[in-house]
1. Evaluate Rg over Rh across the range 57-105, taking Cα atoms for both radii and Kirkwood's formula for Rh.
2. Using only the Cα atoms of the chain, what do you get for the radius of gyration and for Dmax, in Å?
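What follows is calculated from the coordinates using simple rules that are stated; it is not laboratory data. Given the structure is predicted, the values throughout are model-derived calculations rather than measurements.
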C-alpha cells in the first residue's frame, strides 16, 4: 500500500483487467493500483496518453461493472499512467471504497502471514 503522502485517498495494489477508452481508440489494460480517487493503469500503448488526456476506465468490482471517467495526471515508468477519477457517483464511490478497504485487508493479512 502506498503512503498517503500527496494523496487524499488510500491507494492499494490491485491487478484488475480494465478497458481504457480515449476516442477513437480503445485498449485492454490493467489497473496496477487503485483508490477512490484514481488508479495507476498499464495499457498496451507505446506511449501513455498525454497529461490532461481524458480516459474512461472500465473495470469489474465485485459483480458490478464500473465505467469511470478520468484524466491522466502523471506518467510513471514502464508506460504506466496515473488517472484521477472525475464525476464518480455516490453509489459507485461507495462500491469502490468498499473494494479498496477489502483489498487493504487482504494485503495486510498477506503481509502479516509473511512475517
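1. Values: Rg = 12.1 Å, Rh = 12.0 Å.
Expressed as Rg/Rh, it is 1.01.
2. Rg, Dmax (Cα atoms, Å): 13.9, 48.
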